[in-house]
Amino acid sequence: MSALVEKLRTVFDLESSGRLIIYSVLVGVVSGLGAIVFSTGLNWLQSIAMGQLMGYWPPGSGTEEIAHAAHMPICWYAVLLVPAVGGLLCGILVYGFAPEAEGHGTDAVVKAFHQSHGNIRARVPLIKTIASILTIGTGGSAGREGPIAQIGAGFGSFLATKLKLSDWDRRMLVLAGAAGGIGAIFRAPLGGALFAVEVLYASTAIEFSAIVPCVVSSVVAYSVFSWVLGQGFAFTTAGDLMFHGAHELPFYLVFAVLCALAGFVYVWFFYGARDRLFRKLPIPNFVKPAVGGLMLGLIALSLPQIMSGGYGWIQEAIDGNLAIQTMAILAVANIVATTFTISSGGSGGVFAPSLFIGAMLGGAYGFLCHEFFPQMVPQPEAYVLVGMGGFFAGVAKVPLTALIMVSEMSGSYNLLVPLMLVSVINVAILSQRWTLYEEQVSSLIDSPAHLGDFVVDVLEGIKVTEVYRPSRHPTLIREDLPLPKVLPLVARSTDHYFPVVDGENRLVGIFSLHDIRSTLVGREAGSLILASDLATTEVSTVTPDDNLHTALRLYTQKEIAEIPVVDPEDTHRVICMLRRGEVIAAYDRRITALRNRNKYT
């Protein structure tokens, strides 16, 4: 039976991954429920603040059911004041209880992964949820992904802490929670999983180790969300939009450059306004979101389409119901509106506004090209969808996420080729410096979460046999020697740790100088105390064939400075003692050699 169990362990890796998968399922359930609560609360507040107070009912999108026909605002002062009131309530809540909940929440998740061992304060997701509902529900130009990512990530962190999991497992569950929330709220399970593992880095690096828990959580969360609120797509396409061949590639290449230029302006204005305007305003921080809301209201008096994400207006662009001039103006106006909403301290994500900007930019460009080249650009509506993915890919540094998520949200993969082209070109030409997520790092080596990985890689390549000194014989102490005879042996030795052996010189224990000092504190020291009384019988050892990473792990786990090196043929035979300093010195020599090799190659 034991042989069968051992065989199964070699085939199925349940010990390392099974437990994390089970926890990811639980995180996915909670993320899906959180998305339901958030979506329901947001819809309720929007119907009151925007529908009843402003008289503004935006058009629906995709398979969304709308209770009222589309109608532009009829109460101008409500358009001006409601976003300001929402900003004020958000500011009071955030700066009073959880200042880290201001701004777009995805950055907070990225920071928790890299800098905080995956720790997120338990109150943050709750505060972020309410603050974001207040911001978006009253007309703020912000997205749902930031708050919903923090809800899922916060529960993942909470669960890992309560179960006393390792820091690495906590990080994995944080990403799984973020993936679940995003996959559910946008009805894009694969896109949500990819987003969580791709958004951590400003380069093409991906957190591959988190893919399994993120996919599991995202699928579960999406299933829970769809079971309660129904399946569907965020956007529907009028006809079969598709890529028509190589003759369209030049148009998409030009559009990729246009997206990169617009992305630079977006990021520059977004953080420039925060640093040079809102942070320097001589007013309390909690009032600043109200100022941002008032400034947004001034824009919304003329362009109400920029309020609350604007998904319905993206659908109108896909359906070809917006003029070129209108779409161009809305693209610029939404950059300003999103900046006023979030950079002032309001709470919400940047995903939905980025989709809106990219959609309007793509629509204006596509329909303009269609006017001049109707045969070469037969479906200008396709540029709306390509603009959504291509633009977001550049400003968020998530090319894979962008093309998959837009395809999932529209229910069509016919535009994968132009989406791939525009997304990759945009990411390639827009510098890593220009990203909406400040907490991204360039690569795995720049992340504190991976700080030890590269040390381990070096030490794993060095064997104990390359470092240990068998000529330096250890001071072996017979287990039956009384303390008065042990002390002279210890005094003459330069060692700090002393293996205890039986009559055949086989290892039975070990003690240190500290153990002897502790014994000498008492007045009972004498011949009644034997060497075996000083020693611990749980001895950690290494063989000459083990690598130095194994030795370093034992030093850390046991809080010791020397380890016996034993004969691999007889693990009770001590060859010598391996000192921690020798391991560190070997690591330093190998790093120096690698640096010199890279310098001269």
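Residues that are farther than 18 Å from Ala246 by Cβ, surrounded by fewer than 23 Cβ atoms within 10 Å (Cβ to Cβ) and touching an Asp or Glu at 6+ places or on another chain (Cβ under 7 Å) within the stretch 382-426 comprise just one, Leu400. Here Gly362 meets the list (1) touching a Phe, Trp or Tyr at 6+ places or on another chain (Cβ under 7 Å); (2) over 22 Å from Leu416 (Cα atoms) almost entirely, failing just condition (2).
Residues in the stretch 100-129 that are free of Cβ contacts under 8 Å to residues at least 40 places away in the same chain and within 28 Å of Met54 (Cα to Cα): Leu126, Ile127. The one condition from (1) within 16 Å of the chain's Cα centre (by Cα); (2) open to solvent by 20 Å² or more (accessible area, probe 1.4 Å) that Gly156 does not meet is (2).
When the residues of the stretch 21-39 are filtered to those that are among the β-branched types (Val, Ile, Thr) and in contact (Cβ under 8 Å) with a residue 60 or more places away in the chain, the one that is surrounded by the most Cβ atoms within 10 Å (Cβ to Cβ) is Val27. Restricted to the stretch 555-572, and to residues there that are touching a Lys or Arg at 6+ places or on another chain (Cβ under 7 Å) and among the acidic types (Asp, Glu), the residue that is least open to solvent (accessible area, probe 1.4 Å) is Glu562.
Among the residues of the stretch 449-476, those that are at pLDDT 80 or above, within 39 Å of the chain's Cα centre (by Cα) and assigned to a helix (DSSP H, G or I) comprise Ala449, Val464.
Just to check your reading of the model, which residue among Leu241, Leu296 is modelled with pLDDT under 90, on the phi < 0 side of the Ramachandran plot and in contact with a helix residue (DSSP H, G or I) (Cβ under 9 Å, 6 or more places away or on another chain)?
Values: Leu296 fails: modelled with pLDDT under 90.
Only one candidate qualifies: Leu241.
Could you check the stretch 481-594 for strands (runs of 3 or more DSSP E) lying wholly inside it with 1 or more residues that are of a type in the set (Lys, Arg)? Counting at least 1 such residues, we get 570-579.
Filtering Gly139, Gly183 for residues that are among the small types (Gly, Ala, Ser) and part of a loop (DSSP other than H, G, I, E, B) leaves a single hit, Gly139.
Whenever a residue of the stretch 334-347 is closer than 17 Å to Val287 by Cα and touching a residue at least 24 places away in the same chain (Cβ under 8 Å), its partners that are part of a helix (DSSP H, G or I) and among the basic types (Lys, Arg), lying with C-beta atoms within less than 8 angstrom and at least six residues away or across chains, give the pairs Thr339/Arg274; Ser343/Arg274; Ser344/Arg274; Ser344/Lys288; Gly345/Lys288; Ser347/Lys128.
The values are calculated or read from the model by the stated rules, or taken from the named source; none is laboratory data. Nothing here was measured: the structure is a model prediction, and the numbers come from that model. Every residue, glycine among them, receives a Cβ derived from its backbone with ideal geometry; neighbour counts consider all protein chains shown. Side chains included, ligands, DNA and RNA excluded: accessible areas come from the protein's heavy atoms. Shrake-Rupley method; radii C 1.70, N 1.55, O 1.52, S 1.80 Å.
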